[in-house]
1. Net charge around V93, counting only other residues with Cβ within less than 10 Å of its Cβ (Lys, Arg = +1; Asp, Glu = -1)?
2. Evaluate E = 1/(1 + (r/R0)^6) for T58 and N120, where r is the Cβ-Cβ distance and R0 equals 35 Å; express this FRET efficiency to the nearest 0.05.
3. Taking the full set of protein chains and a 1.4 angstrom probe, give the accessible area of F67 in square angstrom, rounded to the nearest 10.
4. Mind listing the Cα extents of segment 50-192 along all three principal axes, in Å, largest one first?
5. Can you give the accessible area of S123, probe radius 1.4 Å, in Å² rounded to 10?
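The values are calculated or read from the model by the stated rules, or taken from the named source; none is laboratory data. Computed from a predicted structure; not experimentally measured. Cβ atoms come from the backbone with ideal geometry, glycine included; neighbour counts cover every protein chain shown. To get the accessible areas, we keep the full protein, side chains included, count just its heavy atoms, and leave off ligands, DNA and RNA. Shrake-Rupley method; radii C 1.70, N 1.55, O 1.52, S 1.80 Å.
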Amino acid sequence: MVYQLPTIAEGLAMGGTQGIPGTANKFVTQDNLSTGLTDQTQTTQNATIEVGEADTTTRKNKIAQSFIPAFTKIRGFNLYKSASSGTFTGTVVVTLEADTAGSPSGTPLATRTFTNVEWNAFSVGEIEGIFSSEYASMTAGSLYWLVIDTSTSDTTNHPNLGTNTAGGYTSGSVKYNNATDGWVAVANIDLY
């Protein structure tokens, strides 16, 4: 019996686009293609919004941006990091959540946590976050939310995110949350 090994090009083609090739990750299929496309965007930044403020009335403890995907998978996101207020000492957690009655559901579908060292090392400007695992069960045309939360609640020392005050993304909106007010719409802005 003669065995013929695959060429280098054939071997590379057999590896999946995620993880390590093996018995559970054999071949690239239509379900495992990555085109590197951005689904929804709003890339103008002309103002900032607070996140991680005290968890009390009128304060922006959490921030969320809704969007309507055209794709059924999501691997990550981009945000605009503005200069922090004071000295931020916490972590930043970004979750993907489904919509429940016009607000985030509270149940993460995908998560990315930035340590304090990671967050503070970013320069002011666009940052990229890749979820800990791809979420591949989105329903195209349905409403979803990116929710930004911090491990600290401090009105003096917190991160800030870039926004567009013209509300440049017509298929979504921004809301803030605190324990007293729940989810509250922020008129006429979108996150970068």
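1. Every neighbour counted, the sum reads +1.
2. Taking R0 as 35 Å, the efficiency between T58 and N120 is 0.85.
3. Its accessible surface works out to 20 Å², give or take rounding.
4. The Cα atoms of segment 50-192 stretch 40, 30, 28 Å along their principal axes.
5. For S123, solvent-accessible area is about 90 Å².
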